[in-house]
Each structure stands twice: as C-alpha cells, then as structure tokens.
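Notes follow once the structure below has been shown.
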Amino acid sequence: MMDWTDRHCRVFHRLLTRKALLYTEMLTAPAVIHGDRQRLLACDAMEHPVALQLGGSDPNALAEAGEIGVGFGYDEINLNVGCPSDRVQEGRFGACLMAEPELVAACVSAMKERVAVPVTVKCRIGIDEQDSEAELQRFVETVAGAGCRIFIVHARKAWLEGLSPKQNREVPPLDYARIYRLKVSRPDLTIILNGGIADLDEAEQHLAHVDGVMLGRAAYQTPYLLADVDRRFFGSEEPVVSRAEVLEALMSHIAGHLDRGGRLNNVVRHVLGLYHGQPRARAFRRHLSEYAVKEGAGLDVLLEALRIAEPSHRMIAAAAE
Ligand SMILES: Cc1cc2nc3c(=O)[nH]c(=O)nc-3n(C[C@H](O)[C@H](O)[C@H](O)COP(=O)(O)O)c2cc1C
C-alpha cells in the first residue's frame, strides 16, 4: 500500500505469519528501471513469499521491470489495474486500464515472456460507466487469454473522476457476489477477493466462494490478526506467536537497520496497531509516536513501549535486572 507499507512492514508482518503471501506497494515500471533499484527493490530473505506489484501500461517496460524484480528474488509479479489516483491515470496506470483489456493482455504476455514466476493482475469490479458484470467477465477473459491465471479483485468499482483515491476505497459499494460469480464462471482461474475484509471470520466466509482473500487496511491497522492466519488457513501446528515475541524478534531487524544509519521510526511506525483492542494499546501507541520519531531514538524506546503494554513481560524483567 503506497505510503503505508515498505520492506520493514513486510518483515514485521512476516513475523506474524510465515505463510501468507505479502505484496509490495505499487512501484511504477519506469521507477524500477531508472530509479535507485537497491532502495526500491531490496528485500529481506525472510520476506518470502513476496510479490512485487508494478504499475504501468508499456508492455516492454513492464517486462523489463518484472525481470529486474525477479532478479531481486520476488516470487510473483503483479500488475496494478486497480489504483484510481490522478497521478496514476496520467501515465495510464492502474484502474483506467480496465477500459483497455487488450493492452493489459499485451502487458501480461510481455511480462510472461521475460519472467518465470507467476504474473498476476489486481483489478476492480469495474470503472466509471464500464461496470457491468459482462464487462468484468470480458476483461478477465481477455487477460486470462494472455496467460494470467491469478486475479485479485477489489470488490468495488472505481470512479476515476470525482472521487479521491480514499473515497474510491470507501464510497462505491462492495459487491462480493459478483466476484463469487466470476469464480463460478471461471473455476479454472484462481480468484482472490479483496475489499472491506475486517477480520479472519469474514475472510473464512469468503473462502467458501473464492480461492483466496487479500487484506489491506485491516492487516495494516490491526496487524495482530495475522498471527492466527497460519493455524487457521494453512494447517500450521506452531503455537500462535505472542505480541511480545514479535517485538523481540523485530528488535534484531531494527538493530541492523539502526546500524546502517536508519531511523527507529522507519520500522516502528508499522507496529503502532499491534496492541489494538488490548488494555494498554493507546499508551503503547502514544509512547512510540512521541519518542520513536526523535533524532537518535534507539531500541530502548521500543523496550519501554513493550514494558508499558505488558508490564510483567519477562524480557523487561531481565532487562531491568
Ligand atoms: C494507503 C493505501 C495505499 C494503497 N496502495 C495500494 C497499492 O500500492 N497497490 C494496490 O494494489 N492497492 C493499494 N491500495 C488498495 C488496497 O490494496 C486494497 O485494494 C483496498 O484498500 C481495499 O482492501 P481493504 O479494504 O482490505 O483495505 C492502497 C490502500 C491504501 C489504504
């Protein structure tokens, strides 16, 4: 999710679930080709499985960017056909491409020729006046014809003019049934449903109809829900990791980041919601928001936040001795 997630966030989420597929925020093909690749694409070995999401509409550029991404170890290349922001429309990226299924198909074909990992598409159920079920079917048929086997479908249309990107994630109504019917009509394709899923109970209900679900905001804002994913959906028998264990494990990642000159807040901004719904959630969040942003902030800030959230946690007791 642009402006929200990054590799530190994925490391944190990976400490909560070993199995769920993680996605990068969208990177445009020109940025991948011409930008600082190390900064944009470097991923930690523990992030896998992780998909790189690309934005663009030039088949050659997308193919090149996909190849570069695979060189960095990404396990899947995903094309964004769902983002409605103006900046993105100007370059003909994102949701406006739903009006051009043949072009999306050409992009998928070009990428598939150059990469050996799955090439997938994330789209909406429609855009603007082009929002009939038949048009969604035609879009999927055309892109599947180019070899895309996995579609992640956000269950809302996007209004490209008149609504902000934020409104486009909230205002158009969710239509899950349309995605369920897409799966019925194309049982051979892997259909992943996205949009408005608040918790794992809701996820499970959708999984009776589709092959997978994608969580965006809920995973970011209430990340601890990810801790139950492996047992519930992947048959894991490992005990559910505790919040404190996650923070402890994150500390070695943070130490490395600080050693390389990084700032504490680059990592801990993603953990603010870890105690969501717990008695000391607000104090935990407040402590980190206030102190992690300070120049030179170190691991002691996170240790103190953990002590605030879980005063009797043994690591704190040991640290205090
Ligand atoms: C801040 C923010 C940034 C987002 N950036 C992206 C993005 O880069 N690529 C993408 O496919 N979707 C992006 N989205 C959309 C989400 O992936 C998702 O489709 C949408 O929020 C609906 O799912 P949710 O209700 O589970 O959040 C973004 C959403 C938010 C809130």
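The values are calculated or read from the model by the stated rules, or taken from the named source; none is laboratory data. It should be emphasised that the depicted structure is a prediction, and the values quoted were computed from it without experimental measurement. Cβ placement follows ideal geometry from the backbone for every residue including glycine, while neighbour counts extend to all protein chains displayed. For the accessible areas, the whole protein counts, side chains as well, though only heavy atoms, and no ligand, DNA or RNA atoms are used. Shrake-Rupley method; radii C 1.70, N 1.55, O 1.52, S 1.80 Å.
With the requirement that a residue be outside any helix (DSSP H, G or I) and surrounded by fewer than 20 Cβ atoms within 10 Å (Cβ to Cβ), what does region 90-107 give you? GLY91, ARG92, GLU100 - these are the residues of region 90-107 that are outside any helix (DSSP H, G or I) and surrounded by fewer than 20 Cβ atoms within 10 Å (Cβ to Cβ). The set of residues in region 265-293 that are of a type in the set (Lys, Arg) and assigned to a loop (DSSP other than H, G, I, E, B) contains only ARG280.
Looking at region 165-178, can you tell me whether even one residue there is open to solvent by less than 20 Å² (accessible area, probe 1.4 Å) and at positive phi? Scanning region 165-178 turns up no residue that is open to solvent by less than 20 Å² (accessible area, probe 1.4 Å) and at positive phi. Among the residues of region 47-61, some residue qualifies, meaning at least one is away from the ligand (no atom under 16 Å from the Cβ), open to solvent by 20 Å² or more (accessible area, probe 1.4 Å) and either closer than 16 Å to ALA219 by Cβ or without any contact (Cβ under 8 Å) to a residue 12 or more places away in the chain (or both).
When you go through (1) open to solvent by 20 Å² or more (accessible area, probe 1.4 Å); (2) out of contact with any strand residue (DSSP E or B) (no Cβ under 9 Å at 6 or more places or on another chain); (3) closer than 16 Å to CYS9 by Cβ one by one for SER242, which number turns out not to apply? So SER242 meets the others, but not (3). Just so you know, in region 6-19 the residues that are part of a loop (DSSP other than H, G, I, E, B) and open to solvent by 20 Å² or more (accessible area, probe 1.4 Å) include one that is nearest to LEU62 (Cα to Cα), and it is ASP6.
If the condition is being open to solvent by 40 Å² or more (accessible area, probe 1.4 Å) and closer than 18 Å to ASP188 by Cβ, then region 108-152 contributes LYS112, PRO118, GLN137, ARG138, GLU141, GLY145, ARG149, ILE150. Considered as a group, the residues in region 186-203 that are surrounded by 13 or more Cβ atoms within 10 Å (Cβ to Cβ) and not aliphatic (A, V, I, L, M) include one that is farthest from the chain's Cα centre (by Cα), and that residue is ARG186. Taking helices (runs of 4 or more DSSP H) as the structural unit, those lying wholly within region 119-232 and holding at least 3 residues that are over 23 Å from ARG14 (Cα atoms) and hydroxyl-bearing (Ser, Thr, Tyr) correspond to 176-185. Set side by side, the residues GLN167, GLN137 differ, and just one is more than 16 Å from the ligand (Cβ to nearest atom) and of a type in the set (S, T, N, Q), which is GLN137. Listed by first and then second residue, the pairs linking a residue in region 5-28 that is among the β-branched types (Val, Ile, Thr) to a residue that is surrounded by fewer than 21 Cβ atoms within 10 Å (Cβ to Cβ), with Cβ atoms under 6 Å apart and 6 or more places separating them unless they lie on different chains, are THR5/GLU25; VAL11/ASP44; VAL11/HIS253; THR17/ASP230.
Candidates are the residues of region 28-80 that are assigned to a strand (DSSP E or B), more than 16 Å from ARG114 (Cβ to Cβ) and of a type outside the set (Gly, Ala, Ser); the one that is farthest from the chain's Cα centre (by Cα) is THR28.
Of all positions in region 175-183, at least one carries a residue that is modelled with pLDDT of 95 or more and of a type in the set (Phe, Trp, Tyr). Flag: LEU27 does not match the condition of being within 14 Å of the ligand (Cβ to nearest atom), touching a Lys or Arg at 6+ places or on another chain (Cβ under 6 Å) and modelled with pLDDT of 95 or more. Pairs linking a residue in region 193-207 that is within 14 Å of ARG178 (Cα to Cα) to a residue that is open to solvent by 10 Å² or more (accessible area, probe 1.4 Å) and among the charged types (D, E, K, R), with Cβ atoms under 6 Å and 6 or more positions apart or on different chains, are GLY195/ARG156.
A residue that is under 22 Å from the mean Cα position of the chain (by Cα), within 24 Å of ASP131 (Cβ to Cβ) and not polar (S, T, N, Q) occurs nowhere in region 241-249.
Residues of region 27-64 that are among the acidic types (Asp, Glu) and within 24 Å of ARG260 (Cα to Cα): ASP36, ASP44, GLU47.
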